[in-house]
Amino acid sequence: VYLREGCGFCHTQFVRDLPMDRPYGRPSRPRDYAFEDPPMLGTQRTGPDLADVGSRQPNEAWHLIHLYAPRAVVPQSVMPAYRWYFAAKDKAGPDDVVVPVPAGSAPRGKAIVAGPDGIDLVRYLLSLKQAKGSP
């Protein structure tokens, strides 16, 4: 889903050893990419680096809201909404993953429910964690 949607066009998974990247975690090392195919490297990006997003932002609900309505959680975001990964239902079912979208960001009286691709994308993002150790 990450590759299909082109997330790598705006987000890298490579923390450079630059002052502007320090909020994203330690600089990436070659071993971080030993088992990754294809590697998600780059030198320019529009969105924040995602190499350690699973540690920085471990909340599944936050990521689901961000996919549905990016500016509801990051007002300055330029990311488009990925609403096709969600359904607006009159009533959520017992197995539905309901997204706690803030008032004003979803149709009134509807439950926003995540679809399988949205859930898979969020699980992938939550799996992105840098190896612990010295910088």
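Read-outs: derived from the displayed coordinates by stated rules, not from any lab. Just so you know, these numbers come straight off a predicted model, no measurement behind them. Positions of Cβ are backbone-derived with ideal geometry, glycine not excepted, and every protein chain shown enters the neighbour counts.
Report the trypsin sites (Lys or Arg not before Pro) located in segment 94-135 that are in a DSSP loop and have at most 12 other Cβ atoms inside 10 Å of their Cβ, or state none.
Those that pass, being in a loop and sparsely packed, are ARG108, LYS132.
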Notebook entry, point to check: If amide H atoms are built 1.01 Å from N in the plane of the peptide, which residues on other chains or at least 5 residues away come under 5 Å of the amide H of VAL97?
Noted result: ALA114
Next item on the list: Once every Cα of segment 58-125 carries one equal point scatterer and solvent is ignored, give the base-10 log of I(q)/I(0) from the Debye formula at q = 0.13, 0.25 Å⁻¹, two decimals.
Entry: -0.31, -1.17
Next item on the list: Taking H placed 1.01 Å from N in the peptide plane, check which residues at least 5 places from PHE86 or on another chain put their amide H under 5 Å from its amide H.
Entry: GLY115
